[in-house]
């Protein structure tokens, strides 16, 4: 059975706004291809898959977001959200690198000589352990528990993003957002520490 294009008539909109499962399922089945195509303009692979699912997770979970749709072209509305999400993701990736990438926190230093992943340049690696210990004592206790969980999984247990998201039972896109907040805090702390102890 072929699904008809979902440009909701008035009798479908209330169900969409209420988050009725059958209506949202229909939206997903009808428009996942268009959303994926929009995201693939900016990234590919697991990142693209994560962003596609993240868009629909937002639509499913956020009644405020659904309320922004005023009827008409659902495809254009969803692909606009997807494109903005992908662009935001790329901007964050440019500002920060993740722990499983062999580059520094500012994204422009060379990989460490031994090829291992690191947040900071190999010339500064001698300070990393001490800085992390101080961060754990001085900063971590004041952070949101959600960020603490990500710190533990990514920085202590060295889990991948995909595995950390699975353990926390959250979309990878949500984990990326939280990790960016954590990396911003870490970057500020490390730069201050390295300046004071260089």
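Below, the figures for the structure above:
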quantity: Residue tally, condition closer than 20 Å to residue 19 by Cβ, at pLDDT below 85 and out of contact with any helix residue (DSSP H, G or I) (no Cβ under 8 Å at 6 or more places or on another chain), over the stretch 71-95; calculated: 1
quantity: All positions within the stretch 7-33 that are surrounded by 15 or more Cβ atoms within 10 Å (Cβ to Cβ) and either under 23 Å from the mean Cα position of the chain (by Cα) or under 14 Å from residue 74 (Cα atoms) (or both); calculated: 8, 12, 13, 16, 23, 24, 26, 27, 28, 30, 31, 32
quantity: Residues of the stretch 48-80 that turn out to be more than 13 Å from residue 36 (Cβ to Cβ), surrounded by 18 or more Cβ atoms within 10 Å (Cβ to Cβ) and touching a residue at least 40 places away in the same chain (Cβ under 8 Å), as a count; calculated: 3
quantity: Residue list for the stretch 139-157, filter: within 17 Å of the chain's Cα centre (by Cα) and surrounded by fewer than 11 Cβ atoms within 10 Å (Cβ to Cβ); calculated: none
quantity: Failed item in (1) over 17 Å from residue 89 (Cβ atoms); (2) modelled with pLDDT under 85, with residue 184 passing the rest; calculated: (1)
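The values are calculated or read from the model by the stated rules, or taken from the named source; none is laboratory data. These numbers were taken from a predicted model, which means no experiment stands behind them. FYI the Cβ positions are ideal-geometry reconstructions off the backbone, even for glycines, and counts take in every protein chain you see.
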